[in-house]
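Peer 1: Here it is, the structure in full.
The values are calculated or read from the model by the stated rules, or taken from the named source; none is laboratory data. What you are looking at is a predicted structure, and each value in this text was computed from that prediction instead of being measured. Glycine gets a Cβ as well: all are built from the backbone with ideal geometry, and neighbour counts include every protein chain shown. Ligands, DNA and RNA are stripped out before the accessible areas are found, and what is left, the full protein with its side chains, is counted by its heavy atoms. Shrake-Rupley method; radii C 1.70, N 1.55, O 1.52, S 1.80 Å.
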Amino acid sequence: MNRLLRVLASPRLTLWVLGFLVVYSGLSAWAPDTSLERAFGPRPFSAPPFLVAVFLLFLCTLSCTWLRLGRVLALWRGEVPATHIELQSTRFASLEEFLREQGFRGSGETRWRNRPALWAGWLLHLALLVLMVGVVVQLAFHDGGAFEVAEGETVSLADRGIVFARTPGTFATDQPPDLRVRLVAFDAHHHQPGFAPDRLSRLQVEAADGTTRDLVIDRAAGVTIEGTTLFQAIPTGVAVVLGLPGDDLRAIHLRTEGERVATADVTLPDGAQARFTVEAERPFDDRRGSGSLVIRYERDEVITEVSEGDAIEFGNSAAILVDLVRWSGFTFVRSPGIPAVFAGFALVLAACALLTFPSGLVRLETRDDTVVAGVWLNRGSAVVATAWQRWREESMEVEAAGREKL
């Protein structure tokens, strides 16, 4: 087992895996039309080769972390590694004073220099493990998509045809989030302090357990409910609201064709085709408002100008034009790996802070009337050895000067 851990922790294997990930990521990001996309689809960072390479890198880092843990625990107990240097003196007081000047603290046979910093390297490895877990979970289980809803309309994201441009991870659930979203109000020109004029929506969201929340979303930040974060998107337009038999309402979203015209082709219940056209006096995004609107309904090559309250033939029945409102675009994401990614970055910062402090260990013992200090430092051993040599020479000069005075 220990041999396997050393093989996985070898720098050569780790560098090979890192090299593969760098080349793969570079080709995927900067050459999307390569054979990688043809082989693994439009999401190469969720493809099995990438996930396997990340998993192998995780095993390499985990093995190194485990082996390093044993070494750090040994240092914490006061065991000096074989790579230490030795300082010798015939006087304990002189050697102890030098070690204290070099930052070693404590009493007895064992002294430490910045003892908590002994964990810096191990903590950095742990941070990398947490980051990799977060990245793999995010790539494998993330989910995202877009949907549109008009003012007063309620949509269920789990219904077929509501969510589009969905980008699920390799192992993400097949179903979008089970949320019912109602757009209570929408402001296409909200001017939030500190931001350019933008969108703002008031939503009523019902979760799968029946709980309902009133939410306000702007372009500055999203809101999270039941593990799903909703964001305000940029696209917007106008929608025709029809009253159907049985008091059912249906909102038909129109797409802009130019600045002042929006259209929507509709398949009627009887299979016939129809088209709604809305023409505005001013552009739909004009802050003064779009001005007067003309609504036209085309069926069987017959174009009729209609207004609110008019009845139109809608398949085998009649429908009432109830209102003309705005629809707004939204996106959603489910990011199960993001908390681990944030935790990993926090651990990286903590490890980097500890790495700024040089750490070390010294163990004192007596050999044949000579005091020997076994000194180990994570860096700067040669500097300490040079400083000790200079200390001894200065001490000898002071003693010689004292004898001459006598």
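Peer 1: Would you please calculate the Kirkwood hydrodynamic radius of the range 260-406 over all C-alpha pairs and express it in Å, rounded to one decimal? Could the numbers behind the result be given before it?
Peer 2: Working: mean 1/r = 0.0399 Å⁻¹.
When all Cα pairs of the range 260-406 are included, the Kirkwood radius is 25.0 Å.
Peer 1: Pick out the long, greasy-scoring helices in the chain: whole DSSP H runs spanning 24 Å or more along their own axis by Cα, mean Kyte-Doolittle at least 0.5. Please list the in-between numbers first.
Peer 2: On the way: long enough: 11-30 (28 Å, 1.20); 48-77 (43 Å, 1.42); 120-141 (31 Å, 2.24); 338-355 (25 Å, 2.50); 381-405 (36 Å, -0.78).
Once both thresholds are applied, what remains is 11-30, 48-77, 120-141, 338-355.
Peer 1: Please report the equivalent ellipsoid semi-axes of the range 313-361, computed as sqrt(5 x eigenvalue) of the Cα gyration tensor, largest first, in whole Å.
Peer 2: Working: eigenvalues 781, 25, 4 Å².
Calculated on Cα positions only, the semi-axes equal 62, 11, 5 Å.
Peer 1: Separate question: Quick one: Cα centre-to-centre distance for the range 232-250 and the range 62-101, in angstrom?
Peer 2: When both Cα centres are located, 73 Å separates them.
Peer 1: How large is the accessible surface per residue of the range 298-357, computed with a 1.4 Å probe and reported in Å² as a whole number?
Peer 2: Numbers: 3310 Å² over 60 residues.
For the range 298-357, the per-residue accessible area is 55 Å².
Peer 1: If you don't mind, there's one more thing I want to ask. What number do you get for the chain when its Cα radius of gyration is normalised by 2.2 N^0.38 Å, N = residues? Show your work: numbers first, answer last.
Peer 2: Working: Rg = 35.2 Å, N = 406, 2.2 N^0.38 = 21.6 Å.
Dividing the Cα Rg of the chain by 2.2 N^0.38 Å gives 1.63.
Peer 1: For the chain, what is the charge dipole size about the Cα centre, in debye to the nearest 20, if Lys and Arg each add +1 at the Cβ and Asp and Glu each add -1 at the Cβ?
Peer 2: Values: 40 positive and 48 negative charges, 545 e Å.
It works out to roughly 2620 debye.
Peer 1: Oh, and also: Give the whole-number value, in cubic angstrom per residue, of the convex hull volume spanned by the C-alpha atoms of the range 231-297.
Peer 2: On the way: hull volume 8.3 nm³, N = 67.
Hull volume normalised by residue count: 124 Å³.
Peer 1: Could you state the principal axis extents of the C-alpha atoms in the range 1-159, from the largest down, to the nearest angstrom?
Peer 2: Extents along the principal axes: 85, 44, 31 Å.
Peer 1: Tell me which of Ala117, Asn316, Val384 sits at the most positive position along the dipole axis of the chain, charges placed on C-beta atoms (Lys, Arg +1; Asp, Glu -1).
Peer 2: About the Cα centre, the residue reaching furthest to the positive side is Val384.
Peer 1: Considering the range 105-173, what Rg and Dmax in Å follow from its alpha-carbon atoms?
Peer 2: In Å, with Rg to one decimal and Dmax whole: 24.8, 77.
Peer 1: Given N residues in the range 262-313, what is its alpha carbon radius of gyration divided by 2.2 N^0.38 Å? Display every interim value, and only then the final one.
Peer 2: Details: Rg = 12.8 Å, N = 52, 2.2 N^0.38 = 9.9 Å.
So the Cα radius of gyration is 1.30 times the expected 2.2 N^0.38 Å.
Peer 1: Determine the gain in length on full extension of the stretch Trp66-Leu27; use 0.36 nm per residue of separation and subtract their C-alpha separation, reporting nm with one decimal.
Peer 2: Working: separation 39, 0.36 × 39 = 14.04 nm, distance 3.30 nm.
Here the answer is 10.7 nm.
Peer 1: Kindly provide the Kirkwood hydrodynamic radius of the range 196-264 in Å, to one decimal, from all pairs of distinct alpha carbon atoms.
Peer 2: On the way: mean 1/r = 0.0676 Å⁻¹.
After inverting the mean inverse Cα-Cα distance, the result is 14.8 Å.
Peer 1: Could you check how much of the accessible area of the range 126-275 is carbon and sulfur, as a whole percent, using a 1.4 Å probe?
Peer 2: Working: 3840 of 7500 Å².
Ligands and nucleic acids excluded, carbon and sulfur reach 51 percent.
Peer 1: Just the Kirkwood number for the range 283-330, please: inverse of mean 1/r across all distinct Cα pairs, in Å, one decimal.
Peer 2: On the way: mean 1/r = 0.0776 Å⁻¹.
The Cα-based Kirkwood calculation yields 12.9 Å.
Peer 1: Could you give the radius of gyration (one decimal) and Dmax (whole number) of the Cα atoms in the range 46-108, in Å?
Peer 2: Just the Cα atoms of the range 46-108 yield Rg and Dmax of 20.8, 66 Å.
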